[in-house]
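Enquirer: Okay, here's the structure, questions in a sec.
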Amino acid sequence: MADFPLVHVTPAGERTLLDYWGRLDGELSEPARHLLNVLARSLAERGWLAAPQKVLGQLVEGGEDLQTLARAMADLLRYRLVELSPDRKAFRGFLGAISIATTPHRAHLANGVDIFCWGGLDLLGMNAALARPVDAFSRCGHCDSAITFRMEDEAIVDLSPTGLAGFQAEWDGTEPLPAVSARSPLFCGDACLNAWMDAHDEPPGMPISGDLLLLIGTGLANALGEARFALIRG
């Protein structure tokens with residue numbers, strides 16, 4: 001599979017990611033949406049993705065056109081909607097937030113499937129992105145203590161610890177999206193958020209304190225999740 005140049009965008013501070021997903025809703029071709037939907041359903045049902053060539057081969061066996069599918073895959077790669085391993089033989093990322101490999105940030109679905117994210121804050125958007133209730137498990141970005149919560153109907157209905165905080169890193173419109181997610185952790189409380197900010201020289205982005213996370217943090221995460229879901233719904 002050939003290399004394709006990634007789409008770059010002009011940074012707009014905290015809105016860069018959200019504006020980008022909204023832009024894709026108007027630009028993504030129907031074949032690319034179809035392929036993205038196939039991959040999303042497979043991931044939500046099994047927790048993993050077959051090799052890219054196998055996915056395309058199975059669709060061709062079902063009567064779909066190989067050249068159309070190849071162009072759709074190229075679009076998904078250019079738009080950062082899927083990421084492949086260096087040897088191009090496996091998927092390694094999906095929707096700019098989901099890691100196919102295991103990470104400390106896990107979203108457990110009712111069907112028993114686990115979905116892993118590159119960063120803790122992305123877990124807040126998985127309920128909206130997958131349109132399924134999520135039991136989430138993460139680690140504090142500073143002290144590594146356990147964090148758990150459940151989201152239903154885009155709201156947190158159970159949470160431990162109760163003072164959960166977070167940080168949404170800014171995207172410069174160029175760097176790989178997994179790097180942005182990795183810089184967007186959850187924290188067990190404001191003290192760890194502030195300590196992490198100090199240790200990282202107050203990086204570009206939006207700190208979300210414990211008293212704002214249930215409103216501002218979940219609102220931003222849900223908006224990102226809804227924008228992703230808009231691309232994959234059938």
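The values are calculated or read from the model by the stated rules, or taken from the named source; none is laboratory data. These numbers were taken from a predicted model, which means no experiment stands behind them. When we count neighbours, we look across all protein chains shown, and the Cβ atoms used for this are built from the backbone with ideal geometry, even at glycine. The protein model used for the area step is the full one, side chains on, heavy atoms only, and it has no ligands, DNA or RNA in it. Shrake-Rupley method; radii C 1.70, N 1.55, O 1.52, S 1.80 Å.
Enquirer: Can you say whether Asp135 is charged (D, E, K, R), at pLDDT 95 or above and touching a His at 6+ places or on another chain (Cβ under 8 Å), as far as the supplied structure shows?
Expert: yes
Enquirer: Pick out the one residue from Leu49, Leu59, Leu77 that is of a type outside the set (Lys, Arg) and under 30 Å from Met206 (Cβ atoms).
Expert: Result of the check over Leu49, Leu59, Leu77: Leu77.
Enquirer: Out of all the residues in the range 29-50, which are free of Cβ contacts under 8 Å to residues at least 40 places away in the same chain and aliphatic (A, V, I, L, M)?
Expert: Within the range 29-50, Val38, Ala50 meet the criteria.
Enquirer: While we're on this one: From the list Gly26, Gly47, which residue is over 13 Å from Leu231 (Cβ atoms) and modelled with pLDDT under 95?
Expert: Gly47
Enquirer: Take the residues in the range 1-23 that are more than 25 Å from Ala169 (Cα to Cα) and open to solvent by 70 Å² or more (accessible area, probe 1.4 Å); name whichever of them is modelled with the lowest pLDDT.
Expert: Once the filter is applied, the top-ranked residue is Met1.
Enquirer: May I ask you to list the residues in the range 22-48 that are polar (S, T, N, Q) and more than 16 Å from Met126 (Cα to Cα)?
Expert: Within the range 22-48, just Ser29 meets the criteria.
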